[in-house]
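To keep things clear, I will list the structure first and then write my remarks on it.
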Amino acid sequence: IMPKVLISDSMSNVAQKIFEKNNIAVDVKTGLSEDEIIKIIPEYDGMVVRSATKVTKNIIEAAKNLKVIGRAGAGVDNIDVPMAKEKNMIVMNTPGGNANATAEHAFALIMSLLRRVPFANETTHKGQWEKKNIKGRELSKKTIGIVGFGNVGVRLSNLVKGFDMEILVNSKSLESRKKDYPHVKNVNFDELISKSDIISFHCKASKDGKPLLNKEHYKKMKPTSYIINAARGNIVDEKDLNDALNENLISGAALDVFSKEPAKENILFNNPKVILTPHIAASTSEASIVVAEMVANQIVDYLLNGVKKNTV
Ligand code: MLT
């Protein structure tokens, strides 16, 4: 009999087309509640999500026929992976599929901070000519610190190569592949935060949910430094960041991710030193097609041929 797949988050319709072409039945049902998913999930052999669907223990327990859960994207923190493994389900993601998009957005945030583009735009539209009040900073001769050196961190390091910057990295996995990246220097976390003018996070959040950056760290940082987080919201404690900005321990921050998403309220809202975007780093026309294609092809290959690719 024909395997059946549920796509439960909105994504490029190339995913649906790939399933159909391979004679896999597919339903696209987005915005369902946990209870609604629990009711229908026993019908399915595969499930495809982005980040909106929380694949909980309850859903996994109800999913009697589910063999594979695919994430169109990198982070699988919305999936109860240990529980899925216990039930012998495969969890896959699409590493690298949106890495360039995310690195480019991090770079856009960096430039927005350094040249105050959002403020300049808003005031100029209002007819306020703030020319005298806006003095930017340059990247040239500065130090960028990249925390985490996976697909996104590597890509960002390559993007900034042309800017005459020193590139510091904090990564455990870099040691063994150092010779491939002669343009970066691997340092410990404290050295990275104390020497960098721009600190950009491209790592996973810690398993226990503890932030990587907290109160104590800001005292070691340059008062002229900026923080970028386009990885996961809980990496940077938002209250500590807000305090650090208000105490002038650092100059500014740009965040694409939040401790609670969608962010309807947040301690950082209206802080003029902060630039915020709504988790859009991976949201490009190009990347959304690539991740949908990758996840659909991988699930097809697993359901039809037992091939396991990009399992987590
Ligand atoms: C990811 O983990 O791939 C990103 O959070 C992108 C997303 O799905 O929004």
Would you calculate the volume per residue, in Å³, of the smallest convex hull containing every Cα atom of the chain? 150 Å³
Once neighbouring chains are kept in place and the probe is 1.4 Å, which whole percent of the accessible area of region 1-115 is contributed by carbon and sulfur? 49 percent
Can you run phi through the Karplus equation (6.51, -1.76, 1.60; θ = phi - 60°) for region 52-65 and list ³J(HN,Hα) in whole Hz, with x for Gly and Pro? 5, 6, 8, 8, 8, 3, 4, 5, 5, 5, 7, 7, 5, 10
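Loop-only check: which GluC sites (Glu not before Pro) in region 204-312 are DSSP coil with at most 14 other Cβ within 10 angstrom?
Details: sites: Glu216, Glu238, Glu247, Glu265, Glu286, Glu293; in loops: Glu247, Glu265.
Filter output for region 204-312: Glu247, Glu265.
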Karplus-derived 3J(HN,Hα), 6.51/-1.76/1.60, for each residue of region 122-139, Hz, glycine and proline x: 4, 6, 5, 4, 7, x, 8, 8, 8, 3, 5, 8, 10, 10, x, 10, 9, 7
Can you give the angle from 0 to 90° between the axis of helix 99-115 and the longest principal axis of the chain, with both taken from C-alpha atoms, to the nearest 10? 20 degrees
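Can you work out the FRET efficiency for the pair Lys141 and Lys264, with r the C-beta to C-beta distance and R0 = 41 Å, to the nearest 0.05? List each step's numbers first, then the result.
Details: r = 40 Å, r/R0 = 0.99.
Once rounded, the FRET efficiency stands at 0.50.
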FRET efficiency for Asp164 and Lys239, Cβ-Cβ distance as r, R0 = 35 Å, nearest 0.05? 0.50
Starting from the Cα of Ser33, step 7 Å along the direction of its Cβ; do the same at Lys219; then give the gap between the two resulting points in nm. 4.8 nm
Run the numbers on region 8-146 and let me know its relative contact order in percent, using alpha-carbon pairs under 8 Å that are six or more apart. 16 percent
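Rounded to the nearest 5, what % of the DSSP beta bridges within the chain are antiparallel ones?
Counting only bridges with both partners in the chain, antiparallel ones make up about 5 percent.
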Compute, for Val295, the solvent-accessible surface of its heavy atoms (probe 1.4 Å) with the complete set of protein chains present, and express it in square angstrom to the nearest 10. 0 Å²
As a test of the formula, what do you get for the chain when each DSSP H run with n ≥ 4 contributes -39,500 (n - 2.57) and the sum is divided by the residue count, at 222 nm and rounded to the nearest 500 deg cm²/dmol? -9500 deg cm²/dmol
With a 1.4 Å probe and all protein chains kept in place, how much accessible area does Asp240 have, in Å² rounded to the nearest 10? 30 Å²
Length-normalised contact order for the chain - Cα pairs under 8 Å, 6+ apart - percent: 19 percent
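The values are calculated or read from the model by the stated rules, or taken from the named source; none is laboratory data. Please read these numbers as outputs of a predicted model, since none were measured by experiment. Please note: Cβ atoms are built from the backbone with ideal geometry, for glycine as well, and neighbour counts cover all protein chains shown. Accessible surface is based on the protein model in full, side chains and every heavy atom, while ligands, DNA and RNA are left aside. Shrake-Rupley method; radii C 1.70, N 1.55, O 1.52, S 1.80 Å.
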